[in-house]
Amino acid sequence: MKIAVLGAGSIGAYLGGALTAAGGNVVMVGRARMAQRIAEHGLHLTDLQGRDHALQPAQIDYVQDPAALRDADLILVTVKSADTEVAARAIAEHTAGSGDKALVVSFQNGIGNADTLRAALPGHEVLGGMVPFNVVQMEGARLHRGTEGELMLEVSPSVERWKPLFAAAGLPLIEHEDFRAVQWGKLLLNLNNPVNALSGVPLKEELSQRAYRRCVAALMEEATNIMRLAHIEPQKIARVSPKLLPTILRLPDFLFARIAGGMLRIDPEARSSMWEDLQAGRRTEVDYINGAVVRLAESLGHDAPVNRRTVELMRKAEQGAAALPGKMLERELGLCR
């Protein structure tokens with residue numbers, strides 16, 4: 001059974017590399033920069049639990065031509081949200097006439113990517129998926145998974161045959177009936193991404209500082225209030241209920257470390273994908289995360305000023321604005337009285 005990973009950057013290459021290491025027949029489709037890194041160094045996959053897999057270049061099938069999607073049985077879409085329509089066209093073009101249609105799974109941030117794929121690929125079964133952990137590109141060929149969590153996706157009989165391989169790769173698949181709740185639950189956690197990117201420091205260091213946590217709490221609280229108006233009940237993705245997270249995040253540092261120490265059980269090297277995008281000079285996904293909260297609020301006749309301002313700050317950061325200390329970020333978000 002052939003697996004294709006479309007958009008194999010940090011997350012996609014980690015998934016593809018782990019599945020390859022577990023014995024899967026995997027082709028990864030991505031950009032020239034990653035192709036060059038793999039051609040020179042192979043892939044070195046590490047994680048918080050101490051897993052360590054080294055793959056040589058000859059063991060990895062990484063190409064830039066989406067024609068490699070042909071005859072795939074499973075296509076994992078890991079492109080940025082802004083590229084979803086382009087990905088859909090590539091799948092439609094290169095799987096046309098190939099007999100049995102591949103199962104397509106969207107492992108992307110944001111809301112609505114699976115719907116975009118479904119609309120463009122009526123002949124395919126398309127499932128929404130969620131990656132709860134982050135992966136950071138390190139020096140050379142190393143991709144490091146710095147946080148915990150299991151892959152979630154919509155319920156389908158088609159998933160069953162893939163579970164053994166994913167489990168062997170350390171990527172167990174968990175199906176969930178109410179996937180809309182999962183997506184909004186993940187989006188709540190992703191509201192930390194721009195705070196981490198704007199801070200310029202690793203996740204663990206950022207979350208150890210109350211000022212940054214207060215910023216995250218304000219974003220989450222605003223989002224959950226809007227979700228409540230929209231009758232959306234976000235799924236619990238982290239160890240703590242979404243309703244309790246803002247209160248816990250606002251605790252003084254010593255209490256936070258004592259009560260929510262598990263949230264600091266993060267690899268010291270871990271950073272958000274949004275920080276990584278800034279470092280690479282790429283446009284971030286802030287429009288699909290904080291922007292999604294703003295659009296939901298507008299659809300209900302409300303505003304989401306903290307999330308709106310965060311989008312503005314990220315746009316400045318994309319243009320080269322300096323990192324913001326915690327207190328300064330609080331002021332920028334209008335949180336200081």
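If you filter region 300-328 down to residues that are over 19 Å from Arg283 (Cα atoms) and touching a residue at least 40 places away in the same chain (Cβ under 8 Å), you find that the one that is surrounded by the most Cβ atoms within 10 Å (Cβ to Cβ) is Ala304. The set of residues in region 151-173 that are surrounded by 16 or more Cβ atoms within 10 Å (Cβ to Cβ) and either of a type in the set (Ser, Thr, Tyr) or closer than 23 Å to Asn192 by Cβ (or both) comprises Leu151, Met152, Leu153, Leu171. Scan region 57-79 and tell me whether some residue there is in contact with an Asp or Glu (Cβ under 7 Å, 6 or more places away or on another chain) and in contact (Cβ under 8 Å) with a residue 24 or more places away in the chain. Checked region 57-79: no residue is in contact with an Asp or Glu (Cβ under 7 Å, 6 or more places away or on another chain) and in contact (Cβ under 8 Å) with a residue 24 or more places away in the chain. The number of residues in region 246-299 being buried (at least 21 other Cβ atoms within 10 Å of the Cβ) and either free of Cβ contacts under 8 Å to residues at least 24 places away in the same chain or among the aromatic types (Phe, Trp, Tyr) (or both) comes to 3.
Which residue, of Arg89, Arg51, is of a type outside the set (S, T, N, Q) and modelled with pLDDT of 95 or more? Only one candidate qualifies: Arg89.
No other residue among Arg282, Arg308, Arg271 is at pLDDT 95 or above, closer than 28 Å to Gly9 by Cβ and of a type in the set (Lys, Arg) apart from Arg308.
So, in region 172-214, how many residues would count as being assigned to a helix (DSSP H, G or I) and of a type in the set (Asp, Glu)?
Going through region 172-214 one residue at a time, the tally reaches 2.
For region 110-147, give me each residue that is of a type in the set (S, T, N, Q) and assigned to a loop (DSSP other than H, G, I, E, B). Break it down stepwise before answering.
At the first step, the residues of region 110-147 found to be of a type in the set (S, T, N, Q) are 113, 116, 134, 137, 147.
Across region 110-147, the qualifying residues are Asn134, Thr147.
If a residue counts only when it is among the β-branched types (Val, Ile, Thr), out of contact with any strand residue (DSSP E or B) (no Cβ under 8 Å at 6 or more places or on another chain) and closer than 22 Å to Arg145 by Cα, which helices (runs of 4 or more DSSP H) contained entirely in region 253-337 have at least 1 such residues?
Working: elements: 253-259, 273-279, 286-299, 305-318, 326-332.
Output list reads 286-299.
The values are calculated or read from the model by the stated rules, or taken from the named source; none is laboratory data. None of these values were measured; they are calculated from a predicted model. FYI the Cβ positions are ideal-geometry reconstructions off the backbone, even for glycines, and counts take in every protein chain you see.
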